[in-house]
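The values are calculated or read from the model by the stated rules, or taken from the named source; none is laboratory data. The structure presented is a predicted model; accordingly, all values stated were derived computationally and were not measured. Cβ: placed from backbone, ideal geometry, glycine included. Neighbour counts: every protein chain shown. Please note that ligands, DNA and RNA were not included when accessible areas were found on the heavy atoms of the full protein model with its side chains. Shrake-Rupley method; radii C 1.70, N 1.55, O 1.52, S 1.80 Å.
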Amino acid sequence: MRIAVASGKGGTGKTTVATNLALHHMRQGRKVAFVDCDVEEPNAHLFLKPEMDDGTEVHMPVPVFDDDACLGEECRKCVELCRFKALIWMAGSVMPFTEMCHGCGLCKLACPADAISEGTRAVGHAYRGQLPGLTFHKGLMRIGEAMAPPLIRELKERATEDASNADIVLLDCPPGASCPVVQSLENVDFAVLVTEPTPFGLHDLGIAVKLLRKLDIPFGAVINRDGMGIDAHAHLRENGIDLLGTVPHSIEAAETYSRGEMLYDASPELEQAFTAIAERIESKAGGAV
Ligand code: SF4
Ligand code: SF4
């Protein structure tokens, strides 16, 4: 069972919910594969504290052009077909901007002169970590890199290798609702949307809900810092969004988080909150967790 934890925006407590759910399942004796898909700013390892390896470099395919074989400016098929605007015709040849290339391979496929071959470029590093009962994956993009999906794809492939030994795969998605989030949500069975009781939080929840409905992924919402601001419960009811549970707003929770510790262990009330969320996910996701 693959469960993604997402949110429309950063800072809502997505990683808090994902890591505490992982801890809950570990305490239940289940084997967990955890993927931190936020490859721009991974932070789940700060809370779960797995023993990490040194990482391996991850590459993505990019086109390499043979100017001698190219048919010249009259053709320009590759330039016209690239919908990511990664190719331009300049000074008598095709010039690739590989930072913008999505590695789709269309230009190579379309070239009538076989003038394009496949090269690679490094996008970042993938790391694997271990804790008893948990395999942990995180990635870190190269500085200045904008192409997160290939690295997220690599992390998910690694987690799929572990999935035969795991009872549950938990994916901590990046913030927002763009390509890296869509890549993280691919092939998940259920999504948990974490929100907070603020106008910004509920606005961005709406964007995430639209995305999940479009992708046809079943989901429910967790209200983090419940009781802090406006009535998020009424908002969920009005918009037909299932409530999976709440994490109460408390000074104790904020202090525990700021020390990099797990809320699950901070108090019986917080342990009960995450247990209830995990049980509700289990019943919503078909009891297969
Ligand atoms: S499609 Fe091939 S032949 Fe045509 S411009 Fe591009 S590289 Fe040259
Ligand atoms: S591989 Fe795809 S994205 Fe990259 S340059 Fe070719 S057509 Fe554009």
Members of segment 26-58 that are open to solvent by 90 Å² or more (accessible area, probe 1.4 Å) and either among the β-branched types (Val, Ile, Thr) or assigned to a strand (DSSP E or B) (or both): Glu51, Glu57
Which members of segment 17-55 meet the condition of being closer than 27 Å to Ile143 by Cβ and more than 14 Å from the chain's Cα centre (by Cα)? His45, Leu46, Phe47, Leu48, Lys49, Pro50, Glu51, Met52, Asp53, Asp54, Gly55
Which condition number in (1) touching a Phe, Trp or Tyr at 6+ places or on another chain (Cβ under 7 Å); (2) open to solvent by less than 10 Å² (accessible area, probe 1.4 Å) is the one that Leu244 fails? (1)
Give segment 228-252 a look and list any residue that's touching a strand residue (DSSP E or B) at 6+ places or on another chain (Cβ under 6 Å) and either in a loop (DSSP other than H, G, I, E, B) or touching a residue at least 60 places away in the same chain (Cβ under 8 Å) (or both), or say none. Ile241, Asp242, Val247, His249
Test set (1) buried (at least 21 other Cβ atoms within 10 Å of the Cβ); (2) within 16 Å of ligand 2 (Cβ to nearest atom) - Glu80 fails condition number: (1)
Of the residues in segment 247-289, those that are open to solvent by 80 Å² or more (accessible area, probe 1.4 Å), of a type in the set (Val, Ile, Thr) and closer than 20 Å to Gln28 by Cα come to none
Against the definition (open to solvent by less than 30 Å² (accessible area, probe 1.4 Å), part of a helix (DSSP H, G or I) and among the basic types (Lys, Arg)), how does Arg158 come out, yes or no? yes
Given the conditions (1) within 16 Å of ligand 2 (Cβ to nearest atom); (2) in contact (Cβ under 8 Å) with a residue 40 or more places away in the chain; (3) more than 18 Å from Pro150 (Cα to Cα); (4) not in a loop (DSSP other than H, G, I, E, B), every one holds for Glu118 apart from (3)
Name every residue in segment 7-18 that is farther than 20 Å from Leu270 by Cα and either among the hydrophobic types (A, V, I, L, M, F, W, C) or crowded, with 24+ Cβ neighbours inside 10 Å (or both), in order of residue number. Ser7, Gly8
Does segment 70-90 include one or more residues that are touching a Phe, Trp or Tyr at 6+ places or on another chain (Cβ under 7 Å), of a type in the set (A, V, I, L, M) and over 30 Å from Asn224 (Cα atoms)? yes
